[in-house]
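The values are calculated or read from the model by the stated rules, or taken from the named source; none is laboratory data. Remember, it's a predicted structure, so these values are computed and weren't measured experimentally. Cβ coordinates were reconstructed from backbone atoms using ideal geometry, including for glycine residues, and neighbour counts include every protein chain displayed.
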Amino acid sequence: MAETRSTCPYCGVGCGVLIQTEGAQITGVRGDPDHPANFGKLCSKGSTLHLTATQSVAEQTRLMHPLQRQRRDAAPEGLSWDSALGTAAERFASIIGQHGPDAVGFYVSGQLLTEDYYVFNKLAKGLIGTNNIDTNSRLCMSSAVAGYKLTLGADAPPACYDDVNHANCLFFVGSNAAWAHPVLFRRIEEARAANPAMKVIVADPRRTDTAEMADLFLPLQPGTDTMLFHGMLHTMLWEGWIDADYIERHTTGFAELKTLVREATPEHTAQICGLRKEDIRQAAQWFAQSGPTLSLYCQGLNQSVNGTAKNAALINLHLATGQIGKPGAGPFSLTGQPNAMGGREVGGLANLLSAHRDLSNPAHRAEVAALWGVESVPAQPGKTAIEMFQAAADGEIKALWIACTNPAQSLPNQSTVRRALERAEYVVVQEAFATTATCAFADLLLPATTWGEKEGTVTNSERRISRVRPAVPPPGNTRHDWQIATQFAQCLEPLLRPGQPTLFPYAKAQDIWNEHRESTRGRDLDITGLSWTMLEDNGPQQWPLKEGAQQGKARLYEDGQFPTPDGRARFSALTWQPVAEPRTARFPFSLNTGRLRDQWHGMSRTGQLGRLFGHVPEPCLQMHPQDMARRALGEGDLVHITSPRGTIIAPVQADDSLALSQLFMALHWGGEYLSGKSSTGERLAGVNTLTNPAFCPLSKQPEFKHTAVKVLKAELP
Ligand code: SF4
């Protein structure tokens, strides 16, 4: 038996794994005892990875050869890689020739490796000349990005996992880390057991497993987080619990914020948030006065039309109390996907460029053009996830390239997504799994390698870069994601810039890493000191790690200097905004969606294992028992759940962890499990038949955490 060091492909904790193999078969997995994210521990998903990579699972689930359809309703036929990539290049070049570069779009994934992401970004922005490249990380982290940049000057989470061992107060907001980041949560439980003085505050509309450990649980109304933070700051000001010296020396904009939060009295805040004013005061006191306070937050803040304001208002609390840049203190966003961070680092979003550069900055565009050896990078902002599929549905985007993600299940308002995929003239799906709903819409299916086969790097929530290594050779006729993007680019180059040397001279993942590394020189995430050899020899490293440094930085802003023009952090005076679609008499419930402990995204991988259904065996709508009683609903009754966009049908289950008028449904279940239809009668599936595509105007992240719905008992025929 051999063992290969790699990284878990699921959540942003980024646990190290040792993949066990016999010959070309993956036979086992164990936690890497030397990886600083998990020290050998794995959760239910990570510890069963090998069972999702067996030959029999692969035979049932994997795409093994390139396939194309002559017509959308025809069965796919096999073709060679040369033919597949050549055809794709001709179709893309033809559409670009007729309609311009913005007639094509790339929709990629936080599950790609950094090197994959880098090539796709360069392909779209450098070679084709469109910024229409966005990622499913738009759905999970873009509000955190916008919040950090607005206040601290850079998209750089300032804290690290070790901070949980130094904190005296943990403030969880919109994070069910017990399920979404289980190995980190275990570390938190141990830290708490070792520190009896530690206070834990959990703010969440649901009393989740994470909330069960809270000393203070704040079951706030959906979408009211910004108001809660403003109310806490009001109390801190009133009681004199702020750090005036830190504010004076290291920040700007406090006077404006002070004026804004004057209105956020305990009474007013309690009324808006649905909380007790005594609890708001207690939260403010513990946050400001316990000693180091660490805030841990995730989709509950991010997936909101007020997402950027929520992030910024929470960071305000850290700045106002000086709870940043020291052990155990800071705002710490937890990334949902394994490489949402790496995607941000290479600028794999429609509004970003390599190494945290901004598309809106002419100097940054010129720097990236020079790095890539192209004349220019277009200034026109690209379409973000929701905008891209709306533009395809409207006929504006005519070719879509979708890599390693499943928008036909995961994007909100599936009716528009369906229209986009049907209307686009040419759809390429680059995927490891043949089972995703999006594959059904592809003109061309390109088989990609996946965990256990791929090579490259990922970055976890604490800015730690880890190697992903292949333990077995690529199965069938699959290729690596970076290879597919590179080879497509090389087919496209003679059609778009004939006679010029290739911009994509990559023979291995390391070549791309080296180019990415150089692009970070002088930037906040500078990793010019982190060679491939250092990663090989010394293991995972945190950024920044500048040339000459021996190791990266565990935490940022320890000197009170921020990457803003004047070196000071900026308070944000963004106001609270209610949810986009408030509850009404017609749609009286608030539907929240989220993850389960033992499933991952659309279940392409975890759905193959019976044992992972032991925790939650089937989709259901969770509802407070009193709401069920009022509607004469019994446990397991089938109900129609209807939003302005469509209806799905599911069994209902009593759950007193929810407040009255609030509902919860897991996001994982797709077409085979949850049938539905749009408001105009098309057949759709999954909870995103219902969800609202409204997004935060600054981060463009949609509001998955609240959809106004009604629930009616289904009459059986
Ligand atoms: Fe994988 Fe996340 Fe579980 Fe770690 S906590 S084993 S990264 S799913």
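Observations
- Any hit, the range 642-656, residues being under 30 Å from residue 55 (Cβ atoms), part of a loop (DSSP other than H, G, I, E, B) and within 25 Å of the chain's Cα centre (by Cα): no
- Which numbered condition residue 245 fails, given (1) under 17 Å from residue 572 (Cα atoms); (2) out of contact with any His (no Cβ under 9 Å at 6 or more places or on another chain): (1)
- Hits in the range 463-477 (condition: part of a loop (DSSP other than H, G, I, E, B) and polar (S, T, N, Q)): 477
- Criterion: hydrophobic (A, V, I, L, M, F, W, C) and more than 30 Å from residue 422 (Cβ to Cβ) - qualifying residue of 685, 654, 714, 650: 654
- Verdict on residue 110 being more than 16 Å from the ligand (Cβ to nearest atom), crowded, with 23+ Cβ neighbours inside 10 Å and either polar (S, T, N, Q) or in the same structural domain as residue 512 (by TED's automatic domain parsing) (or both): no
- Those residues of the range 521-575 which are of a type in the set (Gly, Ala, Ser) and either farther than 20 Å from residue 16 by Cβ or over 25 Å from the mean Cα position of the chain (by Cα) (or both), in sequence order: 522, 529, 531, 548, 549, 560, 567, 569, 572, 573
- Any hit, the range 357-369, residues being under 23 Å from the mean Cα position of the chain (by Cα) and modelled with pLDDT under 95: no
- Scanning the range 244-268 for residues being in a helix (DSSP H, G or I) and either outside the structural domain of residue 227 (by TED's automatic domain parsing) or under 30 Å from residue 660 (Cα atoms) (or both) gives a total of 4.
- The lone exception for residue 97 - which of (1) away from the ligand (no atom under 14 Å from the Cβ); (2) in the same structural domain as residue 462 (by TED's automatic domain parsing); (3) in contact (Cβ under 8 Å) with a residue 60 or more places away in the chain it fails: (3)
- Hey, residue 271 part of a helix (DSSP H, G or I), in contact with a Leu (Cβ under 8 Å, 6 or more places away or on another chain) and surrounded by fewer than 24 Cβ atoms within 10 Å (Cβ to Cβ) or not: no
- Residue that is farthest from the ligand (Cβ to nearest atom), among those in the range 1-38 that are part of a loop (DSSP other than H, G, I, E, B) and loosely packed, with under 15 Cβ neighbours inside 10 Å: 23
- Checking each residue in the range 422-462 for being part of a helix (DSSP H, G or I) and either in contact with a Lys or Arg (Cβ under 9 Å, 6 or more places away or on another chain) or surrounded by fewer than 21 Cβ atoms within 10 Å (Cβ to Cβ) (or both) picks out 422, 423, 439, 440, 441.
- Answer residue from the range 320-351, given it is closer than 28 Å to residue 377 by Cα and of a type in the set (Gly, Ala, Ser) and is surrounded by the fewest Cβ atoms within 10 Å (Cβ to Cβ) among those: 350
- Between 110, 46, 78, the distinction of being touching a Ser or Thr at 6+ places or on another chain (Cβ under 6 Å) and closer than 29 Å to residue 607 by Cα belongs to 110 only.
- Test: residue in the range 223-231 that is more than 25 Å from residue 574 (Cβ to Cβ) and of a type in the set (A, V, I, L, M): no
- Sole residue being over 30 Å from residue 250 (Cα atoms), at pLDDT below 95 and away from the ligand (no atom under 16 Å from the Cβ), chosen from 53, 84, 88, 58: 58
- Consider the range 544-570 and keep the residues that are of a type in the set (A, V, I, L, M, F, W, C) and within 23 Å of residue 335 (Cα to Cα). The one that is nearest to the ligand (Cβ to nearest atom) is 554.
- Positions within the range 657-711 being among the aromatic types (Phe, Trp, Tyr) and within 21 Å of residue 634 (Cα to Cα), in sequence order: 664, 673
- Just so you know, in the range 693-716 the residues that are surrounded by fewer than 23 Cβ atoms within 10 Å (Cβ to Cβ) and touching a Phe, Trp or Tyr at 6+ places or on another chain (Cβ under 9 Å) include one that is farthest from residue 205 (Cα to Cα), and it is 693.
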